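The values are calculated or read from the model by the stated rules, or taken from the named source; none is laboratory data. Bear in mind that the values here come from a model prediction, so they are computed numbers and not experimental data. Note: ideal-geometry Cβ built from the backbone for every residue, glycine included; neighbour counts use all protein chains shown.
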Amino acid sequence: MAMLQLNESRTSPKLKVIHAYVAAAEPADGRSGMGVVFVDSQGHVLKRIGRSLPDVRSHDLAAFRGILYALWNSRRFGVRHVVVHCDAPVVVDQVNGDRHVDDSLVGPYLEVRALLHAYRQARVLADGSAWGREAAAIAAVALRHNTDDVVEDDLPLWSDEPAARSARN
């Protein structure tokens, strides 16, 4: 899997809750992409990551992989509370037990449920925010470029937070 890591993680000793905005890029040519934006409770970006998923042919599976990636990496910030915001409402409903899980997604579903229990508090919510749109843009770039590493300076799209960009336009 190719990965884009757009900036180094910044941790704060007072970091209590982390929000992870997850989006999946539509499958193309037998592969998908996913993007994750990690944000603290004050709205500061901690980390942005995009990944191409060469063998994933389903938007829902790419969303599950994104949630897994977000949950796994949130532990590195040392938080005990995580809120994952996902752009795939069907997957959110499946994770939260409000919808039947397709047989092909049972494995990723069980992994997500297990990782959710690693936190004192963890939630998965549907999302349509600016951070979610930025995660979707990251996923699309990861899918399009299929590259191992891209630094933040190479992609001016991520030079600011979404709110700052929209205020200038």
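Some notes on this structure:
- You will find that of GLY66, GLY50, GLY43, the residue that is on the phi > 0 side of the Ramachandran plot and at pLDDT below 95 is GLY43 and no other.
- For region 39-53, taking the residues that are closer than 10 Å to ILE18 by Cβ and of a type in the set (D, E, K, R), the one that is surrounded by the most Cβ atoms within 10 Å (Cβ to Cβ) is identified as LYS47.
- Single condition ARG75 does not satisfy, out of (1) touching a residue at least 24 places away in the same chain (Cβ under 8 Å); (2) within 16 Å of ALA126 (Cβ to Cβ): (2)
- Considering only residues in region 127-169 that are outside any helix (DSSP H, G or I) and modelled with pLDDT of 85 or more, the one that is surrounded by the most Cβ atoms within 10 Å (Cβ to Cβ) turns out to be ASP127.
- Search result, residues across region 104-126 that are more than 24 Å from GLY78 (Cα to Cα) and crowded, with 16+ Cβ neighbours inside 10 Å: LEU105
- Among the residues listed as ASP60, ASP29, ASP55, the single one being at pLDDT 90 or above and not hydrophobic (A, V, I, L, M, F, W, C): ASP60
Rundown of residues vs (1) aliphatic (A, V, I, L, M); (2) surrounded by fewer than 20 Cβ atoms within 10 Å (Cβ to Cβ), yes/no style:
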{"residue": "ASP55", "(1), (2)": "no, yes"}
{"residue": "SER58", "(1), (2)": "no, yes"}
{"residue": "GLY66", "(1), (2)": "no, no"}
{"residue": "LEU71", "(1), (2)": "yes, no"}
{"residue": "VAL82", "(1), (2)": "yes, no"}
{"residue": "ARG99", "(1), (2)": "no, yes"}
{"residue": "ASP102", "(1), (2)": "no, yes"}
